[in-house]
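The structure appears right after this line, and notes come after that.
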Amino acid sequence: MQNISAHDAKARFGQLLDTARREPVVIERHDRAVAVVLSKEEYDELNDIRAP
């Protein structure tokens, strides 16, 4: 899992999307994790696990 600042995520959004297709990316603001970007496939897998 890779970490990136919110500023860098905004400046390099295309690169962020490319990286998220390979592995989850943690977005940090003021040295605190605030979001995770992950591929659609991984998101779907998580939803399948949560589904009853």
**Request:** Check D31 against each of (1) over 10 Å from the mean Cα position of the chain (by Cα); (2) surrounded by 12 or more Cβ atoms within 10 Å (Cβ to Cβ) and name the one condition it does not meet.
**Result:** (2)
**Fill in**
Residue pairs qualifying under the 8 Å Cβ cut-off, at least six apart or on distinct chains, with the first in segment 25-43 being without any contact (Cβ under 8 Å) to a residue 12 or more places away in the chain and the second being surrounded by 10 or more Cβ atoms within 10 Å (Cβ to Cβ), are A35/V26; A35/I27
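The numbers here are math on the coordinates, done by the rules we state, and not lab data. Being a predicted model, the structure only gives us computed values, none of them experimental. Neighbour counts are summed over all protein chains in view; Cβ atoms, including those assigned to glycine, are modelled from backbone coordinates with ideal geometry.
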